[in-house]
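First comes the structure, then the notes that go with it.
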Amino acid sequence: MKTTLAFSLLLSISSITFAQTTTSGTVTMNGAELNKMIDQSKDVYDEEGNKVDSLKVVNMLEGKEYRIVLKKRDSDSQFRKIIEKRDLKKEAETYDLIKISLRPASPRLKVGSILDLDPLAKKTNIDALKKKSILMIFWYPNCFDTGDYNKVNDVIRSVKNPENLEILLITHETVNKVVEGLKQTPIFYTKLLIDASSITEAYQTNNMPLLIVTDRNHTINFASMGCSDDVVHGLKQAILEVDKQLINRYLSVYNRFLIVYSFPLPRLPMPLYLFG
């Protein structure tokens with residue numbers, strides 16, 4: 001009999017859900033209780049319970065064939081990090097089922113709603129955010145492993161023309177803690193909002209790590225806790241959708257000019273952020 005933690009690698013949020021094979025329900029626990037149940041070492045095991053060499057783990061994780069999850073056998077006293085072969089189809093189906101539960105509970109960060117920029121006014125010029133898409137990263141030091149946030153960085157790095165995407169890194173922590181945290185886990189951003197408890201409280205984040213994406217009209221089209229592979233995939237798709245809307249807007253403007261004028265116009269510059 002095994003108990004499997006779902007969702008993989010969401011280790012540092014203050015509340016997490018796991019399923020046990022012998023029951024049909026779910027149990028919610030706070031972070032302190034959960035940490036006591038997890039092996040805090042960096043050791044990784046295979047599905048038979050054998051310890052796997054760290055270099056082998058790195059090599060296995062380079063592609064998409066393997067992943068690390070937390071599992072607990074009857075003979076184990078704590079959850080252990082287990083490297084297992086992935087079932088991408090099953091993972092996609094699982095993510096579809098639980099992605100709603102990964103969305104923040106705050107009504108101010110609900111997908112489909114308009115993001116209120118007023119809470120940001122004390123920390124940044126909100127006029128500069130008008131007609132810009134926004135990626136909000138609510139973060140605090142050590143809330144995720146460096147490798148996990150590198151996946152978010154990869155999405156941001158692939159934006160080729162980012163002038164229309166504002167990336168706000170928002171944290172309730174103080175300057176010294178943030179500086180030290182960013183040394184350990186670098187995160188790409190265009191604006192860093194430090195000691196921003198007024199913002200995290202206004203958006204009712206409960207100081208949980210969140211990723212929020214809005215389009216240029218500031219309609220939220222993505223909101224999620226964590227940064228697992230599936231969450232990062234959802235993040236990338238959300239930004240691609242924002243990009244598509246921007247493309248359509250410029251083409252619409254260009255076509256209107258063509259209708260009004262009977263002579264060819266020079267190609268309009270299109271500040272797009274396309275993924276290579």
**OP:** Considering only residues that are among the polar types (S, T, N, Q) and closer than 18 Å to D39 by Cβ, look in the range 52-76 and name the one that is surrounded by the fewest Cβ atoms within 10 Å (Cβ to Cβ).
**Re:** S75
**OP:** Within the range 89-123, track down each residue that is more than 18 Å from the chain's Cα centre (by Cα), in a loop (DSSP other than H, G, I, E, B) and either closer than 20 Å to N207 by Cβ or in contact (Cβ under 8 Å) with a residue 12 or more places away in the chain (or both).
**Re:** S113, D116, L117, K122, K123
Original post:
Pick from the range 132-155 the residues that are at pLDDT 85 or above and either assigned to a strand (DSSP E or B) or among the polar types (S, T, N, Q) (or both): which of them is nearest to the chain's Cα centre (by Cα)?
Top reply: I137
**OP:** Scan the range 156-175 residue by residue and report those that are out of contact with any strand residue (DSSP E or B) (no Cβ under 8 Å at 6 or more places or on another chain), assigned to a helix (DSSP H, G or I) and closer than 21 Å to G226 by Cβ.
**Re:** R157
Subject >> Selected residue (only one of I170, I194 is modelled with pLDDT of 90 or more and under 16 Å from the mean Cα position of the chain (by Cα)) >> reply: I170
Subject >> Pairs where the first residue, in the range 170-190, is farther than 21 Å from S158 by Cα and assigned by TED's automatic domain parsing to the domain that holds A202 and the second is assigned to a helix (DSSP H, G or I) and among the small types (G, A, S), C-beta under 6 Å, 6+ apart >> reply: H172/S197
Original post:
Does I134 fit the bill of being touching a residue at least 60 places away in the same chain (Cβ under 8 Å), in contact with a strand residue (DSSP E or B) (Cβ under 7 Å, 6 or more places away or on another chain), aliphatic (A, V, I, L, M) and surrounded by fewer than 16 Cβ atoms within 10 Å (Cβ to Cβ)?
Top reply: no
Original post:
Do you know which of the residues in the range 215-231 that are assigned to a strand (DSSP E or B) and touching a helix residue (DSSP H, G or I) at 6+ places or on another chain (Cβ under 8 Å) is farthest from K110 (Cα to Cα)?
Top reply: M225
Subject >> For D195: the one exception among (1) at positive phi; (2) surrounded by 17 or more Cβ atoms within 10 Å (Cβ to Cβ) >> reply: (2)
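The values are calculated or read from the model by the stated rules, or taken from the named source; none is laboratory data. Because the structure is predicted, anything quoted here is derived from the model rather than measured. With ideal geometry, Cβ positions are generated from the backbone for all residues, glycine too; neighbour counts draw on all protein chains shown.
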